[in-house]
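The block underneath contains the structure these notes are about, expressed in structure tokens.
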Amino acid sequence: TIPPQVPIISAPVEATFSAQIAVNGFGEPESKVIFVLNGEKFDELTIAEDGTFETELELLEGENTIAAYSVDEAGNESELSRTFTTIQDATEPMLDVSNIEDGMTVETRKNQNFAVEGVTDPDAKVYINGRIVFPNSEGAFKQTVLLAEGENILTIESVDKAGNKTSVEKTVTYIP
């Protein structure tokens, strides 16, 4: 008559571009763990003798809620576990680099600093030649790079929370 332990789910990622997500955790050994995806029973499996479980869940586009409960051999059900939310997003972030024309030449005797400016999705991170730049609340970003004499290749990449990437490569020639 005593219900099994409430399963403990290891926190899944907050967002992913993948349609599948690995879910694992701990529960009462040899009881069944029933997964609840978006409010509906989705899958069940028997918890291993060491108390661990792992499965893959198929996500829907957008927000997904994931929880679980356990059922023992006598049919006693545990309470529902903590509910986690994971966003499935396969859309690449927008990226617009506004002040660079591919193949442009910069001629200045003053200094080799060049400002890279653009806009992306507000929650994305931007990398300019591997260095991280955080956009403002509207997604605008600006970062100064040091140009070497001659041809410079600038790689600008935007990465959103789900891991989707958009990148552009621009060539800028610096003549002192």
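General remarks:
- Exactly one residue out of Asn64, Asn99 is in a loop (DSSP other than H, G, I, E, B) and among the polar types (S, T, N, Q), and it is Asn99.
- Residue list for the stretch 1-29, restricted to those being surrounded by 13 or more Cβ atoms within 10 Å (Cβ to Cβ), of a type in the set (A, V, I, L, M, F, W, C) and over 25 Å from the mean Cα position of the chain (by Cα): Val6
- Qualifying residue in the stretch 7-29 (condition: small (Gly, Ala, Ser) and closer than 30 Å to Glu151 by Cβ): no
- Residues in the stretch 124-175 that are in contact with an Asp or Glu (Cβ under 8 Å, 6 or more places away or on another chain) and of a type in the set (Phe, Trp, Tyr): Tyr127, Phe141, Tyr174.
- Being modelled with pLDDT under 95, surrounded by fewer than 18 Cβ atoms within 10 Å (Cβ to Cβ) and either touching a Phe, Trp or Tyr at 6+ places or on another chain (Cβ under 6 Å) or closer than 24 Å to Ile21 by Cβ (or both) is a condition met by at least one residue of the stretch 123-130.
- Tallying residues that are part of a strand (DSSP E or B), crowded, with 17+ Cβ neighbours inside 10 Å and without any contact (Cβ under 8 Å) to a residue 60 or more places away in the chain within the stretch 146-156 yields 2.
- The stretch 30-42, subset surrounded by 14 or more Cβ atoms within 10 Å (Cβ to Cβ) and over 24 Å from the mean Cα position of the chain (by Cα), residue farthest from Thr85 (Cα to Cα): Ser31
- Number of the exception - Asp102 against (1) within 30 Å of Phe17 (Cα to Cα); (2) surrounded by 13 or more Cβ atoms within 10 Å (Cβ to Cβ): (2)
- When residues of the stretch 62-78 are limited to those that are without any contact (Cβ under 8 Å) to a residue 40 or more places away in the chain, open to solvent by 30 Å² or more (accessible area, probe 1.4 Å) and in contact with a strand residue (DSSP E or B) (Cβ under 9 Å, 6 or more places away or on another chain), the one nearest to Ala11 (Cα to Cα): Thr65
- Failed item, numbered, when Ser137 is tested on (1) assigned to a loop (DSSP other than H, G, I, E, B); (2) under 25 Å from Ala19 (Cβ atoms): (2)
- When the stretch 5-28 is filtered for residues that are touching a residue at least 60 places away in the same chain (Cβ under 8 Å), among the small types (Gly, Ala, Ser) and assigned to a loop (DSSP other than H, G, I, E, B), the ones remaining, listed by number, are Ala11, Ser18, Ala19.
- Of all residues in the stretch 24-34, those that are more than 14 Å from Asp50 (Cβ to Cβ) and either at pLDDT below 95 or basic (Lys, Arg) (or both) total 1.
- Subset of the stretch 81-99 [surrounded by fewer than 18 Cβ atoms within 10 Å (Cβ to Cβ) and charged (D, E, K, R)]: Arg82, Glu92, Asp96
The values are calculated or read from the model by the stated rules, or taken from the named source; none is laboratory data. What you are looking at is a predicted structure, and each value in this text was computed from that prediction instead of being measured. Neighbour counts run over all protein chains shown; Cβ positions are idealised from the backbone, glycine included. Remember, those area values only see protein heavy atoms, side chains included, never the ligands or the DNA or RNA. Shrake-Rupley method; radii C 1.70, N 1.55, O 1.52, S 1.80 Å.
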